[in-house]
1. Below 13 angstrom from the Cβ of Val29, what's the summed charge of the other residues (Lys, Arg +1; Asp, Glu -1)?
2. Order of 7-19, 36-48, 76-88 by packing, highest average Cβ count within 10 Å first?
3. Out of every Cα-Cα pair in segment 1-66, what percent are more than 14 Å apart?
4. What does the extension gain come out to for Leu44 and Met1, with contour length at 0.36 nm per residue minus their alpha carbon separation?
5. For the chain, what is the percent of antiparallel DSSP beta bridges, rounded to the nearest 5?
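Values in this text are rule-based calculations from the coordinates and carry no lab data. What you see is a predicted model; the values in this text were computed from it and never measured. Counting neighbours? That spans all protein chains shown, and the Cβs are built from the backbone with ideal geometry, glycine included.
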Amino acid sequence: MPRVRFVQQDGSGRSIEVGRDVSVMLAAVRNGIHGIDGECGGCLDCATCHVYVDEEQASSVPQPSEEELELLSAVSGERKPNSRLGCQLKVPAPLDELVVHVPARQS
């Protein structure tokens with residue numbers, strides 16, 4: 001089963017098994033990952049699930065939609081080229097583990 005590894009600001013991390021159809025945001029909220037709020041529940045409405053995809057894996061995930069890019073312009077944490085919204089991100093095949101870094105703040 002695929003996994004998402006959440007890396008916190010202090011370098012600590014936690015890896016969670018997820019199904020291929022489970023979003024990074026949902027995995028974080030269901031498992032109490034600090035720093036991922038997901039206030040809108042995955043409706044692409046709030047940007048409180050902002051994450052940074054590990055730079056080595058950034059080219060392995062699909063490109064963000066126009067709606068996601070619009071919301072990414074309003075994130076409160078630093079926006080980077082590898083910024084994504086966790087509600088729009090799933091572990092893509094053939095990756096076994098997707099590594100995401102949690103920003104310093106969400107709101």
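1. Residues close to Val29 contribute a combined charge of -1.
2. Highest to lowest by the protection proxy: 76-88, 36-48, 7-19.
3. 62 percent
4. That works out to 12.9 nm of additional length.
5. The antiparallel fraction comes to roughly 70 percent.
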